[in-house]
Each structure stands twice: as C-alpha cells, then as structure tokens.
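A short worksheet on the structure shown next.
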Amino acid sequence: MSNTYKSAGVDKEEGYKTVDKIKKAVGETHNSNVLNHLGSFGAFYEIGGYKNPVLVSGTDGVGTKLKVALDSKRYDSIGVDCFAMCANDILCHGAKPLFFLDYLACGKLDSEIAAEIVLGMVAACKDNNCALIGGETAEMPGMYKPGDYDVAGFCVGIVEKDQIIDGSKIKSGDKIIALPSSGFHSNGFSLVRKIFPNFEEEFEGKPLYETLLVPTRLYYKDIHRVIEEVQVAGIAHITGGGLYENIPRIIGEGLCASIDASKIQIPSVMLELEKRGNIAREEMFGTFNMGVGMIIVVDPEHSEKVLHLLDDAYEIGEITEGSEKIDLKF
C-alpha cells in the first residue's frame with residue numbers, strides 16, 4: 001500500500017468540510033470594501049473615505065484558556081476571545097476594526113470543532129462591523145496531539161492620523177474610568193487551571209467552566225460611543241500583567257496613575273481563586289484584570305459625560321505627578 005498525506009495524519013477532506021461549514025457565515029461579515037472571497041491566495045480590502053488614514057494592527061491568541069474549552073468540549077466562545085483580544089488592543093488608539101484573519105492549528109482536524117471556533121469569530125466580527133477576510137487551518141500531526149488546538153488572530157483597523165489616541169495628551173488631574181470586564185477574559189489561565197483543576201465543579205449554581213469560558217468583552221461600541229462625543233486622552237486594554245503592566249504603557253514621564261483599588265468591582269470567581277490559591281492581592285492585580293477590562297483617561301470636565309454614556313463604567317482614580325507611573329492603593 002502506497003503512502004498518502006492522509007496516512008501521515010493530514011486529512012485534506014476534513015479541511016474542505018471546514019471551509020464548507022463556515023463559508024456562508026464568513027461571507028456575511030463582508031462589505032463592499034472586500035474585493036474577493038475565501039479561496040484566493042490573498043485577501044483584498046479597499047480603503048476609502050479617509051483624508052490621512054493610518055492602519056493600526058494587532059495580533060494575539062487565547063492562551064491556555066483553550067485547555068478549559070477543549071476539556072469541557074465548549075468551543076463557541078473561544079473564537080470570540082481570539083477576535084476580542086486583537087480588536088480591543090487596536091481600540092486603544094481610537095481605531096475602527098476593518099478586517100480580521102485567523103490561524104487555527106491542530107493535531108487532527110475535526111471540522112465540527114474548527115467550524116464552531118471560526119463561527120465564534122464570525123459573531124464577534126459582525127458585532128464590531130469587521131470583515132473576516134481570510135485565515136489558515138493547519139493540521140500538524142507530531143507537533144500537536146489529536147484533540148489539541150491553538151488559535152491566533154490578526155486584526156487591522158483604521159484611524160485618521162490627527163485622531164490617534166496614544167496617551168501623549170494625558171496630564172495631571174485627568175480622571176481614570178474603568179470599564180468592567182466579563183471575567184478573566186483570556187489571561188492568566190495557567191494559574192487559573194492550577195488553582196481550579198476541576199472545571200466541572202459547581203460554582204454559584206453552575207459548572208465552573210461556564211464562568212471561566214465567558215468570552216472576552218468586546219468594547220468597540222462602548223469606546224467609539226465615547227470618542228465620538230468626548231476628547232479621550234488615553235485608553236488601555238487590561239490584559240496579561242493586569243493594571244500594573246498595562247496602564248503604564250500609556251502614561252508619560254513624570255506622571256502617575258493613582259488608583260484606589262477599593263473602588264474596583266472584583267468578580268466573585270477571582271476572589272474565590274485568590275482565597276483558594278492563597279494568592280497575594282498584589283499578585284492578583286499583576287496577573288488578572290480583576291474586573292477592569294479597559295480604562296479610559298479623560299479631562300475632569302468630561303468624566304461625568306463618559307459615565308453617562310457608559311452605564312456600567314465608574315471612576316477608579318486620577319493622574320497625578322510622580323515617577324512610578326502607577327500607584328495602586330489597597
């Protein structure tokens with residue numbers, strides 16, 4: 001019997017099935033700017049309507065949150081996570097997402113699982129007026145075990161050059177406003193899995209995996225509702241490294257983000273993790289978002305309007321003079 005690609009562990013037919021299952025849904029994310037469809041060697045996206053456009057790009061994955069999804073056989077939210085981790089980053093600069101591409105790698109492709117993951121991306125793209133214009137599915141036996149998957153994405157957005165938000169306008173006295181997260185989002189899951197090894201255990205009346213797999217919140221509508229009405233000085237997406245690592249990325253020299261941690265609304269599952277794992281509060285804030293998915297920095301005269309525009313946002317601190325860049329008071 002002669003050797004074939006299939007005998008080596010790669011089933012091309014399963015890949016074709018995946019495309020068939022997602023093709024119609026992916027096409028529904030396209031608009032008039034998308035000039036071709038799935039199957040080409042490259043995806044074409046036409047840009048128009050801007051005076052001095054700047055493209056803003058971001059790439060990310062979902063980390064070991066995938067392990068929770070795979071072990072629990074719940075795949076639909078992971079695609080949302082992948083898109084959100086990329087799109088939320090470019091929102092920090094005031095960009096509107098234009099298009100998204102995905103990369104899905106596995107040991108043995110299951111078209112049902114792959115399609116479910118991609119359809120999550122489709123749903124997120126639709127919610128953000130973004131086109132899913134391409135991707136790659138790689139079946140790599142020997143690199144990944146059967147049942148293992150990895151997911152990554154790449155998002156490109158656009159902003160007028162004179163409207164870029166980069167933190168350079170942040171000044172002493174500005175207010176720091178928190179936008180709540182939907183949970184852990186897609187960070188810190190190596191520690192989460194160590195403290196919560198049993199995803200099936202009951203937590204607040206339902207299996208723990210349901211809480212852990214709540215997808216990363218999409219902030220597109222919230223952020224653009226604000227920047228269309230108010231001049232925003234800075235935006236930070238609170239991902240890996242928590243408040244300690246992400247807020248300083250937008251703070252200039254001689255300034256400090258002074259934050260009252262007692263004002264932060266910490267999700268109950270994070271408090272349970274902290275207690276069960278005997279984790280120091282500083283370590284928690286340096287690993288997880290602790291309930292703050294994004295922060296917006298605005299002039300004091302705009303803070304009330306922002307809070308009015310965003311029902312669940314709340315103030316957690318202000319910018320002061322200092323050399324530390326962040327001062328988190330517990």
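When the residues of region 270-311 are filtered to those that are under 19 Å from the mean Cα position of the chain (by Cα) and open to solvent by 10 Å² or more (accessible area, probe 1.4 Å), which remaining residue is nearest to ARG193 (Cα to Cα)? It comes out as THR287.
Close Cβ contacts (under 6 Å, 6 or more residues apart or on different chains) running from residues in region 19-33 that are closer than 16 Å to ALA123 by Cβ to residues that are among the charged types (D, E, K, R) comprise THR29/LYS126.
Just one of the numbered conditions (1) in contact with a helix residue (DSSP H, G or I) (Cβ under 6 Å, 6 or more places away or on another chain); (2) surrounded by fewer than 23 Cβ atoms within 10 Å (Cβ to Cβ); (3) over 18 Å from GLU245 (Cβ atoms); (4) touching a residue at least 24 places away in the same chain (Cβ under 8 Å) is not true of ILE223: (2). A Cβ distance below 7 Å, combined with a sequence gap of six or more or placement on separate chains, defines the contacts here; from region 274-295, residues that are among the acidic types (Asp, Glu) reach residues that are part of a helix (DSSP H, G or I) and open to solvent by less than 50 Å² (accessible area, probe 1.4 Å) in the pairs GLU274/MET284. I'm trying to understand the selection: among the residues of region 4-18, which are without any contact (Cβ under 8 Å) to a residue 40 or more places away in the chain and either under 21 Å from ILE117 (Cα atoms) or buried (at least 16 other Cβ atoms within 10 Å of the Cβ) (or both)? Answer for region 4-18, where residues must be without any contact (Cβ under 8 Å) to a residue 40 or more places away in the chain and either under 21 Å from ILE117 (Cα atoms) or buried (at least 16 other Cβ atoms within 10 Å of the Cβ) (or both): LYS12, GLU13, TYR16. Part of a strand (DSSP E or B), over 23 Å from GLY42 (Cβ atoms), touching a residue at least 40 places away in the same chain (Cβ under 8 Å) and hydroxyl-bearing (Ser, Thr, Tyr) - does that describe any residue in region 96-108? Scanning region 96-108, I find no residue that is part of a strand (DSSP E or B), over 23 Å from GLY42 (Cβ atoms), touching a residue at least 40 places away in the same chain (Cβ under 8 Å) and hydroxyl-bearing (Ser, Thr, Tyr), so the answer is no.
Taking the listed residues GLY27, GLY39, GLY79, the one that is open to solvent by less than 50 Å² (accessible area, probe 1.4 Å), in contact with a helix residue (DSSP H, G or I) (Cβ under 9 Å, 6 or more places away or on another chain) and small (Gly, Ala, Ser) is GLY79, with no other qualifying.
Considering each residue of region 226-251, count those that are open to solvent by 30 Å² or more (accessible area, probe 1.4 Å) and over 15 Å from GLY58 (Cβ atoms), and give that number.
Looking only at region 226-251, we keep the residues that are open to solvent by 30 Å² or more (accessible area, probe 1.4 Å), and these are 227-229, 231, 240, 244-245, 249.
Filter once more, so that each one left must be over 15 Å from GLY58 (Cβ atoms): 227-229, 231, 244-245.
The total comes to 6.
Residue pairs whose Cβ atoms lie under 6 Å apart, separated by 6 or more positions or on different chains, with the first residue in region 177-203 and without any contact (Cβ under 8 Å) to a residue 40 or more places away in the chain and open to solvent by 30 Å² or more (accessible area, probe 1.4 Å) and the second of a type in the set (A, V, I, L, M, F, W, C) and in a helix (DSSP H, G or I), are GLU201/LEU208.
Check region 40-63 and report whether any residue there is in a loop (DSSP other than H, G, I, E, B), of a type in the set (S, T, N, Q) and under 30 Å from GLU229 (Cβ atoms). Explain how you work it out, then say what you get.
Step one: of region 40-63, the residues in a loop (DSSP other than H, G, I, E, B) are 40-44, 46-52, 62-63.
Applying the additional criterion that residues be of a type in the set (S, T, N, Q) yields 40, 52.
If we keep only those that are under 30 Å from GLU229 (Cβ atoms) too, we end up with 52.
Scanning region 40-63, I find at least one residue that is in a loop (DSSP other than H, G, I, E, B), of a type in the set (S, T, N, Q) and under 30 Å from GLU229 (Cβ atoms), so the answer is yes.
Go over the candidates ILE90, ILE47, ILE117, ILE113 one by one and state the one that is farther than 24 Å from VAL214 by Cβ and hydrophobic (A, V, I, L, M, F, W, C).
Values: ILE90 fails: farther than 24 Å from VAL214 by Cβ; ILE117 fails: farther than 24 Å from VAL214 by Cβ; ILE113 fails: farther than 24 Å from VAL214 by Cβ.
So the residue among ILE90, ILE47, ILE117, ILE113 that is farther than 24 Å from VAL214 by Cβ and hydrophobic (A, V, I, L, M, F, W, C) is ILE47.
The condition of being modelled with pLDDT of 95 or more and either in a loop (DSSP other than H, G, I, E, B) or acidic (Asp, Glu) (or both) holds for only one of VAL226, VAL230, that being VAL230.
Do we find that LYS171 is more than 20 Å from the chain's Cα centre (by Cα), among the charged types (D, E, K, R) and in a loop (DSSP other than H, G, I, E, B) in this structure? For LYS171, the condition - more than 20 Å from the chain's Cα centre (by Cα), among the charged types (D, E, K, R) and in a loop (DSSP other than H, G, I, E, B) - is met.
Going through (1) in a loop (DSSP other than H, G, I, E, B); (2) open to solvent by 30 Å² or more (accessible area, probe 1.4 Å); (3) farther than 17 Å from ASP60 by Cα one by one, ARG217 falls short only on (3). Of all the residues that make up region 137-158, how many are open to solvent by 50 Å² or more (accessible area, probe 1.4 Å) and in a strand (DSSP E or B)? So the count comes out to 5. Within region 82-110, restricting attention to residues that are of a type in the set (Asp, Glu) and in contact with a strand residue (DSSP E or B) (Cβ under 8 Å, 6 or more places away or on another chain), the residue that is least open to solvent (accessible area, probe 1.4 Å) is ASP102.
In region 47-73, which residues are within 12 Å of ILE158 (Cα to Cα) and either open to solvent by less than 50 Å² (accessible area, probe 1.4 Å) or over 19 Å from the mean Cα position of the chain (by Cα) (or both)? ILE47, GLY48, GLY49, TYR50, LYS51, ASN52, PRO53, VAL54, VAL56, GLY58 - these are the residues of region 47-73 that are within 12 Å of ILE158 (Cα to Cα) and either open to solvent by less than 50 Å² (accessible area, probe 1.4 Å) or over 19 Å from the mean Cα position of the chain (by Cα) (or both).
The values are calculated or read from the model by the stated rules, or taken from the named source; none is laboratory data. Source: prediction; values computed, not measured. Methodologically, a virtual Cβ is constructed for each residue, glycine included, from the backbone with ideal geometry; neighbour enumeration extends over all protein chains shown. Note: areas computed on protein heavy atoms with side chains; ligands, DNA, RNA excluded. Shrake-Rupley method; radii C 1.70, N 1.55, O 1.52, S 1.80 Å.
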